[in-house]
Structures are given as structure tokens and as C-alpha cells.
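Shown next, in C-alpha cells, is the structure this report addresses.
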Amino acid sequence: MKLTLDGISSEQALRMADGAALAGDAYLANALYNWALKNEQDVRQRYRLRMRMGLFRGRHPALMLRLLRTLEEQRADPSNQVFVGAGMATWLKTIPFMDDERFLALEEKHAALLPIANWHWNLQVVLWAVQQTAAVEGDLVELGVFKGHTTLFTAEYTGFETSAKRWFLYDTFDGIPDDQVRDDWKEVNKTLYKGTYSYEEVVERFAPFPNIQVIRGRVPEILLDNCPEKISFLHIDLNNTPAEIAALDLLIERISPHGILILDDYCWETARPQFEAERRWFAERNLHVLPLPTGQGVFIKT
Ligand SMILES: C[S@@+](CC[C@H](N)C(=O)[O-])C[C@H]1O[C@@H](n2cnc3c(N)ncnc32)[C@H](O)[C@@H]1O
């Protein structure tokens, strides 16, 4: 669909898009939100637009939009108080990053690297973990990098290039290996990952950080001889149950006391079998993961 609109503001386009969404035309609504996004510079208005785009990943976009509009109407300054991302909404809550211009600007800068709109709360959790473990012994590790979105945001926000720590990023850069991918993820793997990004582009993206190493390889094998002995922060985001469990087996002992592990996919409905396997894995060791409404699971090493 090619949209040509003249002389209307992004707010007007947003209202037209809302109308289309409520009428059940998600395709037109998305095109209009996209148009508005291209023609809008204000970071808060862009956030409102992306809240709406996030709704189309859910099963009931029109219903969710009604809810979002009701929440917005309750507020004198709605964009400051309401959050809607993929699969979660907050209201009547302080939203810490809403007062943080640098957070918002960096989120905006890198949003295109992730196919999910409004990742703010997830980034907030990772940022907290990285800041909280700054004095914990060891290096940082991410398993499952994709285009580098979360780590890039966090590294830029914290000025990681001046840190004495190192950050190791592992990915096949070719999606989930065929022998590890779940049957119902095969299509997702083909369309979302395979061929949509490359090792070279991610290396280039992290070039300003001499202490961040991008490593191409398959988890768990790549970890056997190329992984730090001590880890202060571990981010696991593979959407791949056997690889995540194998990584836990290999790395849990390397996490330093007070170190933090974040399991990005822990509570996503789409990763339910992985949740079951990981919950069992932790229960067998009498360990407990904090499940978050962001979908993440947080584990703090004692
Ligand atoms: C959800 S994405 C990671 C997103 C990234 N953490 C972020 O926040 O921007 C999942 C990534 O895991 C990678 N992956 C899945 N299984 C893997 C394995 N066994 N070894 C290495 N990488 C793997 C995929 O290639 C994909 O890029």
C-alpha cells in the first residue's frame, strides 16, 4: 500500500489510523501509523504511535486500542503515564524512563533494530542489571544478539567503552540452528532471522566499543573454549530451549556472587515449552527466577 497524504498533522493521521483500527482494518491502520511516524519528530508523540503499532502484534487490536484510548483519556498528560508494549501495559505507575530524555532518545535511535515496538520496560530491566552488577567480578555475556539492539542501547547508555569490563556477544548470525528449532518456530526462524542480518553488520555496529567482542558460533559449543571464566551479567535470549538449557548447565557456576542472569524469553506465551523446561531446571536446584510481566525472568546469584 502506498499512502500519499498532504497537509495533515501526525496527530490527525493517528486519529485516522485509530478509526481504521477500530473498524478492524489493521493493515490500513498500520500504514497510517507508519506514515505518521515518518512525519513526526517529537519523541513522545512517536512513543504514542509505536504503542499503537505494538497492539497489532496482539490478538485483539481493536479491543486493545479501546483500552489504550481509555487509559490515555484518564490522564492530563497521557503520554507520560501510560505504557503499552507487546503483551504488557502499565498505568497508574511511575514510568521511570519517561523523565529520562537520554533513555528515550537512545531507545528511539535503535528501535528499528528490533521487530517489536516499545521495548522500553525490557531495556529498563537490562539496564538496571548492568548498572547493578558494575562492581561485581567478571565480564558480561549475551547469548542471542540478533542485530544487537539491547546491548547497543545499554552500552551506549552506560558509556561501556570506558568500562574495565568486557562484553561477549554470541550468535550464529544465521538464526536458530535447524536441529534446535521447534517445529512451530521454523517459519519464524526463516522470515524473522535467516538472511535478515549479518555478523559483519553487527561487528560494525559495535566498532566504537573496543571492549565488546562479537563472536559467531553456535550455543552451546562455542562456549566451551571461548567464554569468560567469571560472569557478572548474563543475558540469554535464544528462543531455543535445548541451547538455553545447555548454556545454563555450562555457565551458571561462572556467574559471580551478586551477578545477575536475565532470561529474555522466560514468560513469553510463545516460549511456553522453554518456560516449563527452565522452571524445572531451576526448581531441581532449589533456585528461583523472578518472572516479570515484560516476559523476562530475573535470577540473582547469591
Ligand atoms: C531474539 S533474538 C536476540 C535479540 C537480542 N538479544 C536483542 O535483544 O536485540 C535471538 C537470536 O538468537 C540466535 N540463536 C538462536 N539459537 C542459537 C544458537 N544455538 N547459537 C547461537 N545463536 C542462536 C538467533 O540467531 C537470533 O539472532
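Listed here are the residues, each with its yes/no results for (1) surrounded by fewer than 19 Cβ atoms within 10 Å (Cβ to Cβ); (2) closer than 21 Å to SER232 by Cβ.
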{"residue": "LEU140", "(1), (2)": "no, yes"}
{"residue": "LEU143", "(1), (2)": "no, yes"}
{"residue": "PHE146", "(1), (2)": "no, no"}
{"residue": "GLU156", "(1), (2)": "yes, yes"}
{"residue": "ALA164", "(1), (2)": "yes, yes"}
{"residue": "ASP178", "(1), (2)": "yes, no"}
- [ ] Kindly indicate whether any position in the range 98-105 is surrounded by 18 or more Cβ atoms within 10 Å (Cβ to Cβ), within 24 Å of LEU292 (Cα to Cα) and aromatic (Phe, Trp, Tyr).
- [x] yes
Open item on the list: Just to verify a result, which residue in the range 213-228, among those that are free of Cβ contacts under 8 Å to residues at least 60 places away in the same chain and in a loop (DSSP other than H, G, I, E, B), is farthest from the ligand (Cβ to nearest atom)?
Closed with: ASP225
Task: Enumeration of residues in the range 85-121 that are in contact with a strand residue (DSSP E or B) (Cβ under 6 Å, 6 or more places away or on another chain) and more than 14 Å from the ligand (Cβ to nearest atom) - done: THR90, ILE95
TODO: Considering only residues that are over 17 Å from the mean Cα position of the chain (by Cα) and in contact (Cβ under 8 Å) with a residue 40 or more places away in the chain, look in the range 269-302 and name the one that is nearest to ASN122 (Cα to Cα).
DONE: ILE300
TODO: Would you confirm whether any residue within the range 282-302 is closer than 30 Å to PHE83 by Cβ, crowded, with 18+ Cβ neighbours inside 10 Å and touching an Asp or Glu at 6+ places or on another chain (Cβ under 6 Å)?
DONE: yes
Task: Residues of the range 229-254 classified as surrounded by fewer than 24 Cβ atoms within 10 Å (Cβ to Cβ), more than 15 Å from the ligand (Cβ to nearest atom) and among the aliphatic types (A, V, I, L, M), total - done: 1
Open item on the list: Conditions first: (1) touching a Ser or Thr at 6+ places or on another chain (Cβ under 7 Å); (2) of a type in the set (Gly, Ala, Ser); (3) under 30 Å from ARG44 (Cβ atoms). GLY159 passes all but one, so which condition is the exception?
Closed with: (1)
Task: Qualifying residues in the range 127-138 (those that are within 16 Å of the ligand (Cβ to nearest atom) and closer than 19 Å to ARG254 by Cα) - the one surrounded by the fewest Cβ atoms within 10 Å (Cβ to Cβ) - done: ALA129
Open item on the list: Cβ-Cβ distance below 8 Å, separation of 6 or more or different chains: which pairs start in the range 244-257 with a residue that is within 11 Å of LEU234 (Cβ to Cβ) and of a type in the set (Gly, Ala, Ser) and end on one that is surrounded by fewer than 16 Cβ atoms within 10 Å (Cβ to Cβ) and modelled with pLDDT of 95 or more?
Closed with: SER256/GLU137; SER256/LYS230
TODO: From (1) closer than 26 Å to PHE206 by Cβ; (2) buried (at least 20 other Cβ atoms within 10 Å of the Cβ); (3) in contact with a Lys or Arg (Cβ under 9 Å, 6 or more places away or on another chain), pick out the condition that doesn't hold for TRP119.
DONE: (3)
- [ ] Scan PHE282, PHE299, PHE275 and give me the residue that is farther than 22 Å from THR151 by Cα and away from the ligand (no atom under 16 Å from the Cβ).
- [x] PHE282
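The values are calculated or read from the model by the stated rules, or taken from the named source; none is laboratory data. As the structure is a computational prediction, the values presented were derived from the model and not from experiment. Virtual Cβ from ideal backbone geometry, glycine too; neighbours counted across all protein chains shown.
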